[in-house]
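Reading through the structure tokens given below for one structure.
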Amino acid sequence: MKFSTSLLRGLCAAACFLVIVVCSAHTQAQTTPTTVTKSSSAGLISQLTQGLSVTPTQARGGAGALFSLAKSRLSADEFSKVAAAVPGMSGLLKAAPAVGQPSELSSLEGSLPGGLGGLGTMASVAGSFHKLGLSPEMAAKFVPVMMKYVEARGGLGTASLLEKALK
């Protein structure tokens, strides 16, 4: 009788251990997509960090600021094409630093003919880049990297939409 009780306790302990292992594996499987989603824009971020010597936080925030500007300047249909070419777009948009009141420079943007070679774009994102510890001129360096990435993933037509928005 004593042998049976020990055997029963051992089997119960083994069963409990299996339940814990299975539940742990199930929980880990459920959290894996979240990790993938957070890093889904990793290709663009990697290109920005390596090509421009910025931190990943600066890369995400700067790209997010520029994509936010594009979103405000494109129709919903046009921006959806750009967003489809950039995995994790919503995360990038959220990574853009919030800016308070528009600066004097950004308020002049509307009066600049054709953005004067992109000066209007730089004025629009200057506050965000400043909050990231980057100069406004750095935005001009982000644009070609982002354009190349969007073109590779979404084609020339999609890259042209982004270019139109960031002029």
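Each peptide among 41-54, 125-138 gets the average number of other Cβ atoms lying within 10 Å of its residues, and from highest to lowest they stand as 125-138, 41-54. A crude spin-label estimate for the pair residue 156 and residue 93, with each label 7 Å from Cα along the Cβ direction, gives 2.9 nm.
Working out 0.36 nm times the residue gap between residue 49 and residue 148, then minus their Cα-Cα distance, what length gain in nm do you get to one decimal?
On the way: separation 99, 0.36 × 99 = 35.64 nm, distance 1.47 nm.
Value of the extension gain: 34.2 nm.
Bear in mind these aren't lab numbers, they're just calculated from the coordinates by the rules spelled out. Nothing here was measured: the structure is a model prediction, and the numbers come from that model. We place every Cβ from the backbone using ideal geometry, glycine too, and count neighbours over all the protein chains shown.
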